[in-house]
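Undergrad: Before I ask anything, here is the structure I am working with.
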Amino acid sequence: MEIIKTQLADLFVIKPRVFSDERGEFFESYNQKEFCEKVTNVEFVQDNHSFSKSGVLRGIHLQKKPFEQGKLVRAIRGEIYDVAVDLRKNSPTFLQYFAINLSSNNKLQLWIPEGFGHGFLTLSESAEVAYKATNYYSKESEITIKYDDSNIGIKWPEVKTLIISSKDKKGISTSELKF
């Protein structure tokens, strides 16, 4: 796997080695030994899978301590505009974001460490997103940040129809965050 540093501390794009021939393709989507040697030493405890229609925007989500989650995200079908926001108060890149298109075609993955918010917008007709998490889901510790928070200034791609859940519409501003 190729590890690509981003401008945000501890946030990496993972590009797998893809083997193609007349039969199709093969690649390792995850190898714990290699991931821990090249990225960070983590233990994944939960795998999540979501399906979204075109124009669905999910996020920005995170969990507060002690239930913070690191996530390894990939699109297994379709294409998404994936966003990670550094919400670690003492980080030099606090409130900065990184965005990348993840798709079943490019096979890229995004490692999002604990303390980051995460969201995505479905760009294709539909998309299936799978991600590994380093901690279990905890409803009580869940935080939703406004997808259009002016302190972050995410430039989301334009889509024909934007679909956002009522929960995500009620997200808080980063100025309301309590650490």
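The values are calculated or read from the model by the stated rules, or taken from the named source; none is laboratory data. These numbers come from a predicted model, not from an experiment. Don't worry about glycine lacking a Cβ; one is built from the backbone with ideal geometry, like all the others, and counts go over all protein chains shown. Areas reflect the complete protein model, heavy atoms only, side chains present, ligands, DNA and RNA absent. Shrake-Rupley method; radii C 1.70, N 1.55, O 1.52, S 1.80 Å.
Undergrad: Across region 1-36, what is the total count of residues that are open to solvent by less than 40 Å² (accessible area, probe 1.4 Å) and either touching a Cys at 6+ places or on another chain (Cβ under 6 Å) or among the β-branched types (Val, Ile, Thr) (or both)?
TA: Within region 1-36, residues that are open to solvent by less than 40 Å² (accessible area, probe 1.4 Å) and either touching a Cys at 6+ places or on another chain (Cβ under 6 Å) or among the β-branched types (Val, Ile, Thr) (or both) number 3.
Undergrad: Please specify each residue of region 114-149 satisfying the condition of being surrounded by fewer than 16 Cβ atoms within 10 Å (Cβ to Cβ) and farther than 23 Å from residue 174 by Cα.
TA: Hits for region 114-149 are 125, 126, 136.
Undergrad: Test residue 55 against the criterion of being open to solvent by less than 30 Å² (accessible area, probe 1.4 Å) and in contact with a Phe, Trp or Tyr (Cβ under 8 Å, 6 or more places away or on another chain), and give yes or no.
TA: Answer is no for this residue.
Undergrad: Residue 94: open to solvent by 50 Å² or more (accessible area, probe 1.4 Å), in contact with a Lys or Arg (Cβ under 8 Å, 6 or more places away or on another chain) and farther than 28 Å from residue 124 by Cα, yes or no? Spell out the reasoning first.
TA: On the way: open to solvent by 50 Å² or more (accessible area, probe 1.4 Å): yes; in contact with a Lys or Arg (Cβ under 8 Å, 6 or more places away or on another chain): yes; farther than 28 Å from residue 124 by Cα: yes.
Answer is yes for this residue.
Undergrad: Is it fair to say residue 107 is touching a Pro at 6+ places or on another chain (Cβ under 8 Å), among the charged types (D, E, K, R) and crowded, with 18+ Cβ neighbours inside 10 Å? Can you show your working first?
TA: Numbers: touching a Pro at 6+ places or on another chain (Cβ under 8 Å): yes; among the charged types (D, E, K, R): yes; crowded, with 18+ Cβ neighbours inside 10 Å: yes.
Judged against the criteria, residue 107 is a match.
Undergrad: On to the next question. Return the total of residues in region 1-34 being closer than 19 Å to residue 84 by Cα and out of contact with any Asp or Glu (no Cβ under 9 Å at 6 or more places or on another chain). Lay out the reasoning, then the answer.
TA: Of all residues in region 1-34, those closer than 19 Å to residue 84 by Cα come to 3-15.
Filter once more, keeping what is out of contact with any Asp or Glu (no Cβ under 9 Å at 6 or more places or on another chain): 3-7, 12.
Qualifying residue count for the region: 6.
Undergrad: Which residue, of 160, 139, 178, 169, is touching a residue at least 60 places away in the same chain (Cβ under 8 Å) and among the charged types (D, E, K, R)?
TA: Numbers: 139 fails: touching a residue at least 60 places away in the same chain (Cβ under 8 Å); 178 fails: touching a residue at least 60 places away in the same chain (Cβ under 8 Å); 169 fails: touching a residue at least 60 places away in the same chain (Cβ under 8 Å).
Sole residue among the options that is touching a residue at least 60 places away in the same chain (Cβ under 8 Å) and among the charged types (D, E, K, R): 160.
Undergrad: While we're on this one: Quick one: which strands (runs of 3 or more DSSP E) sit completely within region 101-179 and have at least 3 residues that are under 30 Å from residue 27 (Cα atoms)?
TA: Numbers: elements: 109-112, 116-122, 126-133, 142-144.
Ranges flagged: 109-112, 116-122, 126-133.
Undergrad: Would you call residue 80 of a type in the set (A, V, I, L, M), open to solvent by 30 Å² or more (accessible area, probe 1.4 Å), at negative phi and in contact (Cβ under 8 Å) with a residue 40 or more places away in the chain?
TA: Numbers: of a type in the set (A, V, I, L, M): yes; open to solvent by 30 Å² or more (accessible area, probe 1.4 Å): no; at negative phi: yes; in contact (Cβ under 8 Å) with a residue 40 or more places away in the chain: yes.
It is false that residue 80 is of a type in the set (A, V, I, L, M), open to solvent by 30 Å² or more (accessible area, probe 1.4 Å), at negative phi and in contact (Cβ under 8 Å) with a residue 40 or more places away in the chain.
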